[in-house]
Amino acid sequence: MRTFDLKTYKIMGKVKVRTLGDEKQEKKEKEKAKRGAEAKKLQGESSQSHVAKNEAIKEKIEKPEKKPKTKIQTQKKEKPTKKRHSNSYITVAKIIDRNKKYSLKEALCLIPKLKRAKFDETVELHINTIEKGISGNFSLPHGTGKQIKIEILNQAENPKHVEEIVKKVETGKIDFDLLIATPDTMPRLARVARFLGPRGLMPNPKNGTITTKPDEIAKKFRGGQINFKTEAKFPILHLIVGKVSFGEKKLTDNIRTVITAVQTKNIKNITLKSTMSPAIKVDNSTIS
């Protein structure tokens, strides 16, 4: 049986009689509501913490933490040291005025004074032309002083020899200075064109190295005939005109032959040097 107390309280202007059981029930409901609010609050904080954690992970993925540079990475690359000329080179270089253009006679008189090697140095002529693609051939009256090794390939007469040379070139062994071939041999040489072409050794009808009379052409080349062509990327010619031991007269004859073949109108600058000497600038107008 439910009991009633005599206490009354006003709700919204009305008088309500409160039983003893209602007070306990109300207290329980308040505690339950309080616990529910606290649980909800904790759940909200947990949810916010979870979201914040996810955002932090996402940011870390998108912007990975920069690793500190290691000692190897932070070290600056050292610039390669400039190659220093030998004392003997520096000594002979003082003989030449780099800002002066010498006459051919003066330049040839300097060549023996600049010699540093014990062997008979080769004399080189370097010509800057007005454009690329300038080519031709000439025969030096006194030769180059160098024995030229010529390889002759004739498919009709000696196919076995042709195949031997082709296989040797494919392995990178090229031990000749000039290659002369008959027209019927050219299809066989197509296999090694990538090796011969860059070295200027691929036979070509323009310079006479493709011919039906290879022995006759070889004889001309052994007599001093030289083919020339500017570099593929630059308008420059590098030519051998003899040895230091040739002397002024023979070297002059050879150089004039070269200039005639290249033609003065195609020439910008000329330098002369021996194998191990500094370069000497030559006045073009003094070569005729």
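In the set E231, E248, which member is assigned to a helix (DSSP H, G or I) and either assigned by TED's automatic domain parsing to the domain that holds T271 or of a type in the set (S, T, Y) (or both)?
E248
Of the numbered conditions (1) in a helix (DSSP H, G or I); (2) surrounded by fewer than 16 Cβ atoms within 10 Å (Cβ to Cβ), K268 satisfies every one except a single condition; which is it?
K268 satisfies all of (1) in a helix (DSSP H, G or I); (2) surrounded by fewer than 16 Cβ atoms within 10 Å (Cβ to Cβ) except (1).
I need the helices (runs of 4 or more DSSP H) fully contained in segment 140-209, keeping only those with at least 2 residues that are of a type in the set (D, E, K, R) and free of Cβ contacts under 8 Å to residues at least 60 places away in the same chain.
159-170
Within segment 128-139, can one find any residue that is touching a Gly at 6+ places or on another chain (Cβ under 8 Å), under 30 Å from T252 (Cα atoms) and surrounded by 18 or more Cβ atoms within 10 Å (Cβ to Cβ)?
no
Select from segment 129-154 the residues that are more than 27 Å from F234 (Cβ to Cβ) and not aliphatic (A, V, I, L, M) and write down the one among them that is modelled with the lowest pLDDT.
The extreme case among them is Q147.
Going through segment 234-245 one residue at a time, which ones are crowded, with 19+ Cβ neighbours inside 10 Å and in a helix (DSSP H, G or I)?
Within segment 234-245, V244 is the sole residue that qualifies.
Could you check how many residues of segment 136-157 are more than 28 Å from P187 (Cα to Cα) and of a type in the set (S, T, N, Q)?
Of the residues in segment 136-157, 3 are more than 28 Å from P187 (Cα to Cα) and of a type in the set (S, T, N, Q).
Among the numbered conditions (1) in contact with a Phe, Trp or Tyr (Cβ under 8 Å, 6 or more places away or on another chain); (2) aliphatic (A, V, I, L, M); (3) within 19 Å of I150 (Cα to Cα), tell me where M202 comes up short.
(1)
From the list S288, S245, which residue is of a type in the set (S, T, N, Q), at pLDDT below 95 and either more than 18 Å from Y102 (Cα to Cα) or out of contact with any helix residue (DSSP H, G or I) (no Cβ under 8 Å at 6 or more places or on another chain) (or both)?
S245
The values are calculated or read from the model by the stated rules, or taken from the named source; none is laboratory data. Just so it is clear, the structure is predicted and the values come from calculations on it, not from any experiment. Reconstructed Cβ throughout: ideal geometry from the backbone, glycine too, with neighbour counts over all protein chains shown.
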